[in-house]
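Heads up, the thing below is written out as structure tokens.
We did not get these values from a lab; they are worked out from the coordinates using the rules stated. All values reported here derive from a predicted model rather than from experimental measurement. Ideal geometry is used to build each Cβ from the backbone, glycine not excepted, and the neighbour counts take in all protein chains shown.
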Amino acid sequence: MSTSTRMTDDQVPSHRAIENLIARYAELVDDGDFAGLGVLLADATFTGSGEPVRGREAIEKLFRDTLIVHADGTPRTQHVTTNVAIEVDELTGTAVSRSYVTVLQALPGLPLQPIAAGRYHDRFQHREGRWCFVERRVRITLVGEVSHHLRQAPANR
């Protein structure tokens with residue numbers, strides 16, 4: 001894939017715009033802004049541990065139904081995204097990325113600890129002067145204490 005630098009309408013190079021989308025996803029989850037996640041992923045297919053979902057309302061509902069929100073209105077998490085590899089094809093206006101995710105959580109009575117780790121596999125498309133998600137696949141491979149994070153902890157640990 002090409003690594004030239006398409007500029008978006010706000011003059012951000014493609015790689016940076018895509019990194020910003022990846023970072024924005026983490027911020028929205030950690031803020032408990034599930035409506036914002038729905039908007040961010042409105043044109044995307046999201047695949048986590050269940051069936052793929054698509055569309056703003058379905059994605060917002062998935063997060064509301066899955067994550068525990070605490071008294072401060074957040075899941076009390078920090079998603080740390082690392083090892084981000086982005087490949088941009090400027091000619092077709094498409095991109096793919098791979099990254100690692102580590103989810104940290106702390107609560108009163110629960111010390112700061114990693115609760116999950118895995119990989120993101122994303123696809124993006126450049127539309128109307130901006131980059132957007134078209135697919136996010138989440139594969140969690142390491143699971144710790146998630147009983148304060150997920151409404152129903154996974155049976156397989």
Net charge of Cβ neighbours under 15 Å - reference Arg139; Lys, Arg +1; Asp, Glu -1: +2
Table column - 3J(HN,Hα) (Hz), the range 75-83, Karplus curve with 6.51, -1.76, 1.60, x for Gly and Pro: x, 6, 10, 9, 8, 10, 9, 9, 6
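Say R0 is 22 Å: what FRET efficiency, to the nearest 0.05, do Ile140 and Thr74 get from their beta-carbon distance? Present the calculation step by step, with values, prior to reporting the outcome.
Details: r = 20 Å, r/R0 = 0.89.
The computed FRET efficiency comes out at 0.65.
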Cβ-placed point charges (K, R +1; D, E -1), dipole of the chain about Cα centre in debye, nearest 20: 440
Helix axis angle, 14-31 relative to the chain longest principal axis, alpha carbon, degrees: 20
Extension gain (nm, one decimal) between Arg123 and Arg98, 0.36 nm per residue minus Cα-Cα: 8.1 nm
In degrees, nearest ten, helix 56-66 long axis to first principal axis of the chain (Cα): 30
